[in-house]
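Have a look at the structure below before the remarks.
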Amino acid sequence: MADKNRVKKKASAYEYQEIEYNIKQTNPVVKVFIYIFLIIWAVINIFPIYFMFTFSLKSNDEIFGENIIGLPRNWLWSNYVSAMNTGNMGRYFLNSLIVTIAAIAISIMAALMATYALTRIKWRASKLMNSFLMLGLTIPLQASIVPVYVILSKAHWLNKYSTLIIPYSAFTLSMSILICTGFMVDIPYDLDESARIDGCGLWRTFFSIILPLMKPALSTIGIYAYLQCWNEFMFANVFISDSAHRTLPVGIKALSGAYTTDWGPIGAALVIATFPTLIVYIFLSRKIQESFIAGAVKG
Amino acid sequence: MADNNAITVNSIKRDKVKENIGKGVTIFLFLLPALLLFVGILIAPIIISVYRSMYDWNGFSEGTFIGFSNYKELFTNGSIKFLVSLKNALWIAFFSVFVQLPLSLFLALLLGRKVKGERTFLSIFFMPVLISTVVIGQLWLKIYNPDYGLLNRFLDAVHLGNLKHVWVGEVSTALGSIIVPTVWQYIGYHMLLMYAGVKGVSMDLREAAMLDGATKWQVDRYVVIPMIKPIIRVSVIFAVTGSLKSYDMVRILTEGGPFQTTEVPSTLLENMLFLRNRYGMGSTISVMLIVLCFAFALAITAAFREEEA
Amino acid sequence: MKMKRVVSTLLAGAMVLSLTACGSTAAPAADTAAPAADTAAPAADTAAPAADTAATDTASAGEPITLNMWCIATESDSNRHSYEEAIKEMEAEFPDVTLNWEAFENQSYKTKIKAAVSADEMPDIFFTWSCAFLGDFVDAGKVYCLDDAYQNYKDELPEVMLGNSTYDGKHYGVPLTMNIVGLFANMDLLKEAGYDEVPGTYEDFIACCDALKAKGIIPFGCAGKETWCVTEYLESVIEKSVGADTLNDIFLGRATWNNADVGAAVDTFQSLVNNGYFDPSGIGLTNDEVKANFMAGKYAFYMNGTWNCADFAANEEFFPKVKVSEFPVINADKASLGQLIGGPSDTLAVAASSPNAERAAEYTFELGKRICHYGYLDGCGLPAWTPYGDTSSINGLTQAVSEICANADSYVLFGDTAMSADDANTYLSYVDQVYGCQVDGTQFIEGLANDIR
């Protein structure tokens, strides 16, 4: 769907339009309304973060009733200590990081290779194969949990990092291929031709010409995959039974007991699970948004 | 057989066959990792599910083959509530498509106009997407809480106490209580998708339209929206299939209650598998879910194609 | 000395449990339970020393092995401490056994253990709920029979306590603590309505509720979002109307749900709801929220499991206000005091697939005994095992529950534990509708009679 000319022109067009086409020209009343709307919406969207943060510093009494949305009366930093100590959150965080990164890496590699075969080598069934792989976009994760568990356990493949890495990369694969396709069709086919003339085989063309050009795609795929993997609960709960390999969502759930629940440390754990993402997001937001946008335009 | 052919043709052909085989092997090797993952983790389980959906099986002892009885029971047994769950999922889908997406589009168009602080707004609007649904759900529970929740307190403050409800506990409001946060959380996601499209629309085009006397709204309506239709299509597909798969928010807010009126297919599926020990029926629901998601994706694609034609 | 009396009376009470076993042939066990009560008292005295020697005799036999265990004693669970203590002790007693244990959140554990059973990936020792939950696994042949190992523990673990984990006459589970449904009352609020004691008869009880209501105090708190909380109320009302035996027969499928008395009892319960005795916002709350409300003084009564004793005792401000008692009798012709809802449900079992099943079985008994011991000391519930050691430090609420149990003559296990998974969920969905007044008593009994196979 990306119109190459359009993309190329984008930069110059931006500068040009700055004079003509921007909000400054809008009727001031409308302008004020637009800003009020945007600011209200922004507050609504920041509120959960504020809520989560204050919630993590409160006692049960305040959380359930006395003081739900105000600032904590006593700032219970001890909630963080207990989340880190008893909850083992540091370990779970690391596990989540390992699993997510590895899953993204595998997904990207498999997707790049598959996309190359689908878009840059001409063969009859490539369209059909593509649609087949796109089936994955619609399959609900929970539908396959028990069969996958049986397959993995038959292969004696439980309680390892790879137990989660492989299913996660499989579930993000379709999206990755979709995005890759968008990027790869933008690479001029002349490049392949000239590589062929220079005597490059398909493999060398892929590794030395296509791969380096696909760099911008990586962060886009990474972000989409990250959104799918980082908070995944069901697979992580069922497939991993030793706490050494547990991931964050399961760790957070394990904090809440059957009969008693102390919510402060749970809030602290939620903050530990969420804030690193948010901080990275804030620092890299421009880059991340651009990648995300790139994904949308190409996909 | 090649012996019957002329030598030259023969050798060319042989080269070609060789080349084709080589190409075939290469294609296969390039596709192999993806196919292994895809077939092993996604397709094989579906096949197993289809097979298991024909059984009355509790998941660990011997099962009995019962053909399509599970499928029949799904629609005839009133206590399974599959039709209710389907109806709920479709309501969520409806609100996603007709409330969430228009809002996303509106925000995307606004931000696409070079508003001051565009990037900051964009970052903030996207944040809920990054926060786990568990956190969002907990937050909304506090908003809905009948005694000390924000919503009821607000209604009291503006002297509308008679509008107070036990939001997640009453049949009339429970589904709505699920739809609001679900729709809200992913507005940012679709907004960013659409914003990307809006930014991709050539400025020359917009200006040409403006010079012809069009207002900004008209430009958006007649120039920008038609150009980002493909992205809107992707958004619609994601919104609908995502709604059919919705799970977390329901589990946290209502647990499918009251009286199972807010069940969705995924919560039913989990109940069947892990609470009721009806693995066969659970498989049946998952097969139905996959079929539905796929059917909707096809239907939406077809609908958009029709409109373009 | 008072404690000693409580313990022995408790035991006597325990012995009479008409805990009816789940397996089809287990029914007679209930009938034979009563005579056993006579011999129970002396056993209590000898039990304590036996406990000390049993462990040392059997310890350190054989080469080092590793056992895996899954349970639900997560970090914030009130049972966590008793598991930790028990395991610490076991490590000293059984140096040749390395135990790797993992705790999971209650609800996700159910998912996990079932997936593990269907894939034959069970740990050696696993936590389970008795009756139907464990029964499904036993039927599938996935659980190791504990009959042989039990021979060594007969003196310390009364056989009636195994009723809920006995199938076709064979024992498959090691019970830990047991719990009953208690009527917790906030005495401060009752005093405001002019009551110094929890009323003993149903008429007085209703009058008390009315008095509370007149004072603007909500009598009952109940979490409608978690249907099991509703059953804590409903089952007590039914039991105190139709009697323990009738309810037990219905739960275990020996009698039909279509019983007019049950229908009338359900109507009685609904009249409590319709009279406005229940907090109307309860329908949208979780149990954690309701419990927090009760502790904050929002409700006069809270009917729930006696495992709450530990939490109530831990709250210094609230503890002096709370009292536990039994729900009053509604129909004295059919029911009487001493008929309780509850019984041992928390259970450890050994997987048939365990390569060291025999030693795991022995280990499980020893571990179960200690978890029970420390759980009892912590006030997490009543012991299924004969208590040993000094129990005087136990909180007053748990002691009060012991007294109630000491006078008990029959127990009906929680309905959703007693019934098979599928039936239990059908049952819960009807209970849900009763609480929401979507169906009345007649529709309840007829619907269940039709829908439960």
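The values are calculated or read from the model by the stated rules, or taken from the named source; none is laboratory data. Given the structure is predicted, the values throughout are model-derived calculations rather than measurements. Here the Cβ is made from the backbone with ideal geometry for all residues, glycine too, and neighbour counts use every protein chain on show.
Points worth noting:
- Residues of segment A:183-221 that turn out to be farther than 24 Å from B:Phe28 by Cβ and under 21 Å from the mean Cα position of the chain (by Cα), as a count: 5
- Residues satisfying the stated conditions in segment B:138-147, i.e. within 14 Å of chain C (Cβ to nearest Cβ) and under 14 Å from A:Phe51 (Cβ atoms): B:Gln138, B:Trp140, B:Leu141, B:Lys142, B:Ile143, B:Tyr144, B:Asn145
- Any hit, segment B:129-137, residues being more than 7 Å from every other protein chain (Cβ to nearest Cβ) and over 20 Å from the mean Cα position of the chain (by Cα): no
- Verdict on A:Ala258 being within 14 Å of chain C (Cβ to nearest Cβ), closer than 30 Å to C:Thr286 by Cα, in a loop (DSSP other than H, G, I, E, B) and at pLDDT below 80: yes
- Meeting the requirement of 1 or more residues that are free of Cβ contacts under 8 Å to residues at least 60 places away in the same chain, over 18 Å from B:Pro102 (Cα atoms) and within 14 Å of chain C (Cβ to nearest Cβ), the helices (runs of 4 or more DSSP H) wholly within segment B:159-213 are B:171-185.
- Candidate set from segment A:132-143 (those that are under 21 Å from B:Leu31 (Cβ atoms) and part of a helix (DSSP H, G or I)); member that is nearest to the other protein chains (Cβ to nearest Cβ): A:Thr138
- Boolean, B:Thr262 is polar (S, T, N, Q), crowded, with 21+ Cβ neighbours inside 10 Å and more than 10 Å from chain A (Cβ to nearest Cβ): yes
- Residue identified as hydroxyl-bearing (Ser, Thr, Tyr), in contact with a strand residue (DSSP E or B) (Cβ under 7 Å, 6 or more places away or on another chain), over 18 Å from C:Leu190 (Cα atoms) and at pLDDT below 95 among C:Ser325, C:Ser345, C:Ser354: C:Ser345
- Among the residues examined, B:Val17 qualifies as within 29 Å of A:Ser126 (Cβ to Cβ) and at pLDDT below 90.
- Residue ID - modelled with the lowest pLDDT, chosen from residues in segment C:419-436 that are more than 10 Å from chain B (Cβ to nearest Cβ) and under 24 Å from B:Gly280 (Cβ atoms): C:Met419
- In segment B:1-116, counting only helices (runs of 4 or more DSSP H) that sit wholly within it, the ones holding 1 or more residues that are crowded, with 18+ Cβ neighbours inside 10 Å and within 14 Å of chain A (Cβ to nearest Cβ) span B:7-37, B:44-52, B:82-95, B:101-111.
- Filter result for the condition that a residue is closer than 29 Å to A:Tyr224 by Cβ and without any contact (Cβ under 8 Å) to a residue 24 or more places away in the chain, over B:Val223, B:Val234: B:Val223
- Failed item in (1) surrounded by fewer than 24 Cβ atoms within 10 Å (Cβ to Cβ); (2) within 24 Å of C:Glu366 (Cα to Cα); (3) within 11 Å of chain A (Cβ to nearest Cβ), with C:Thr98 passing the rest: (3)
- Selected residue (only one of C:Pro199, C:Pro219 is out of contact with any Gly (no Cβ under 8 Å at 6 or more places or on another chain) and surrounded by fewer than 23 Cβ atoms within 10 Å (Cβ to Cβ)): C:Pro199
- Qualifying residue in segment C:276-295 (condition: free of Cβ contacts under 8 Å to residues at least 60 places away in the same chain and more than 25 Å from C:Cys380 (Cα to Cα)): yes
- Among the candidates A:Met129, A:Met113, the residue that is crowded, with 18+ Cβ neighbours inside 10 Å, more than 23 Å from A:Ser219 (Cβ to Cβ), at pLDDT 85 or above and within 8 Å of another protein chain (Cβ to nearest Cβ) is uniquely A:Met129.
- Enumeration of residues in segment C:308-339 that are assigned to a loop (DSSP other than H, G, I, E, B), within 14 Å of chain A (Cβ to nearest Cβ) and either under 13 Å from C:Ser236 (Cα atoms) or touching a helix residue (DSSP H, G or I) at 6+ places or on another chain (Cβ under 9 Å) (or both): C:Asn315, C:Glu317, C:Phe318
- Scanning segment B:236-254 for residues that are more than 9 Å from chain A (Cβ to nearest Cβ) and farther than 10 Å from B:Ile92 by Cα yields B:Val236, B:Met249, B:Val250, B:Arg251, B:Ile252, B:Leu253, B:Thr254.
- Boolean, C:Pro219 is outside any loop (DSSP other than H, G, I, E, B) and over 21 Å from the mean Cα position of the chain (by Cα): yes
- Near pairs, Cβ below 7 angstrom, 6+ apart or cross-chain, from segment C:54-77 (at positive phi and buried (at least 19 other Cβ atoms within 10 Å of the Cβ)) to any residue that is of a type in the set (A, V, I, L, M, F, W, C) and modelled with pLDDT under 55: none
- For segment B:100-156, the candidate set comprises residues that are of a type in the set (Phe, Trp, Tyr) and at pLDDT 80 or above; within that set, the residue that is farthest from B:Ile232 (Cα to Cα) is B:Phe154.
- C:Thr442, sole failed condition from (1) at pLDDT below 85; (2) within 30 Å of B:Thr261 (Cα to Cα); (3) among the polar types (S, T, N, Q): (1)
- You will find that of C:Leu382, C:Leu377, C:Leu397, the residue that is surrounded by fewer than 24 Cβ atoms within 10 Å (Cβ to Cβ) and under 12 Å from C:Thr306 (Cβ atoms) is C:Leu397 and no other.
- The condition of being within 15 Å of C:Ala357 (Cβ to Cβ) and buried (at least 17 other Cβ atoms within 10 Å of the Cβ) does not hold for C:Phe127.
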